[in-house]
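These notes are about the structure you will find just below.
Each reported figure results from applying straightforward, stated rules to the coordinates on display, with no laboratory input. Nothing here was measured: the structure is a model prediction, and the numbers come from that model. As a convention, Cβ positions derive from the backbone with ideal geometry for all residues, glycine included, and neighbour counts pool all protein chains shown.
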Amino acid sequence: MTARLIDGAAVAARLRKEIAEQVAQMEAAYGIHPGLATVLVGENPASQTYVRMKHKACQEVGIESFAHNLPTDASQAEVEGLVHELNADPHVHGILVQLPLPKHLDEEAVLSAISLHKDVDGFHPLNMGRLAMRGRDPLFVPCTPYGVMVLLEEAGATFEGANAVVLGRSNIVGKPAALLLMKRDATVTLCHSRTRDLPAICRQADILVAAVGRAQMVKADWVKPGAIVIDVGTNQIDDPTAKRGYRLVGDVDFDEVKEVAGAITPVPGGVGPMTIAMLLKNTLRGAEMTIAEHA
Ligand code: GUN
């Protein structure tokens, strides 16, 4: 292996420790502890797992968390009504509506109903719009791309003038990651399913962020020697030797690419733990903003 391993689990653990200390200080100084409300509509097992992990992480750092589960057939009015209640609840500093929502619901309307000051996912159209504009900043940065940027910093990336290639244009990861890289003055190429000659474009990248959800798609000959590679993918592949019959791999063929890249995140243990750490950080920030408003 020639690449340096970017240990997301260790970085996330360090952040969680810092957050726990700041939560304790806030409680001592103001008698306030940050609160996160989650809204889960339906019974998507992956979403249930993610939400459970988010609550456990909150508990570990002293953030209060409130779980709201609505049935799959919940109406638009019910979901938005709950969001409005949470907007008005002084114990709640962050609201997270787990995506995807069931098909009959209007996602944009739900996300728009979240108070800008409690939008810890950064998915409110105004926060997204600010992320896209020069000279403006969102109140919150979406958690996974925020974690990607922290790992790039950790790897010692130079952003200014670097060629950054992002694979995947999702609203949750690819698009905001590209916008964040642009804000740092990288030259950004955002690739997607219709992109021609993906390997050639990836080979230009000093920074390569893979967020497409295709197991081990990025091969060694797609990567410029010395590049920093951030793998956002978590894909299950069959593995009869594993206890559960499958294992998790990223969008990057780790075993090949680690011989070419300068630094690389593993899967698991790379970006995954960072998403939750950044959510905790955003929730703390939400509470700090409330305190500042009332100061
Ligand atoms: N679904 C997949 N990732 C996320 C995320 O970061 N936030 C929310 N709310 N839903 C998701």
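Numbers at a glance
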read-out: Residues of the range 200-230 with amide N under 18 Å of the 7 Å Cα→Cβ point at T158; value: 204-208, 224-229
read-out: Rounded tilt (10° steps) of 76-88 against the dominant C-alpha axis of the chain; value: 70
read-out: Dipole axis of the chain (+1 Lys, Arg; -1 Asp, Glu on Cβ), positive-most option in G213, V97, P45; value: G213
read-out: Protection-proxy order for peptides 224-236, 123-135, each taking the mean of Cβ atoms within 10 Å per residue, highest first; value: 224-236, 123-135
read-out: Rounded tilt (10° steps) of 174-183 against the dominant C-alpha axis of the chain; value: 90
read-out: Size of electric dipole in the range 85-155: Cβ of Lys, Arg +1 and of Asp, Glu -1, about Cα centre, debye, nearest 20; value: 220
read-out: Packing rank of 160-171, 244-255, where each peptide gets the mean count of other beta carbons within 10 Å, highest leading; value: 160-171, 244-255
read-out: Rel. contact order, % - alpha carbon contacts under 8 angstrom, at least six apart, the chain; value: 22
read-out: Size of electric dipole in the range 195-274: Cβ of Lys, Arg +1 and of Asp, Glu -1, about Cα centre, debye, nearest 20; value: 160
read-out: Ellipticity estimate at 222 nm from DSSP helix runs (n ≥ 4, -39,500 (n - 2.57)) divided over the chain, nearest 500; value: -13000 deg cm²/dmol
read-out: Computed label-point distance, nm, for sites M289 and H84 using a 7 Å Cα→Cβ extension; value: 2.1
read-out: Exposure proxy ranking, count of Cβ atoms within 10 Å, fewest first, for F159, F66; value: F66, F159
read-out: Translational diffusion of the chain, µm² s⁻¹ [Kirkwood Rh, Cα pairs; Stokes-Einstein; 4 °C; 1.567 mPa s]; value: 65
read-out: Unit charges at the beta carbon, dipole of the range 5-79: most positive-side option, Y30, G62, G8; value: G8
read-out: Whole-Å distance, taken between Cα centres, linking the range 57-116 and the range 265-285; value: 20
read-out: Pairs from K56/K103; K56/K175; K56/K243 whose Cα-Cα separation, in the structure shown, is over 30 Å; value: none
read-out: Relative contact order computed over the range 132-280 (Cα-Cα under 8 Å; 6+ residues apart), in percent; value: 23
read-out: Total charge dipole magnitude, the chain, about the Cα centre, Cβ charges on Lys, Arg, Asp, Glu only, Debye to nearest 20; value: 620
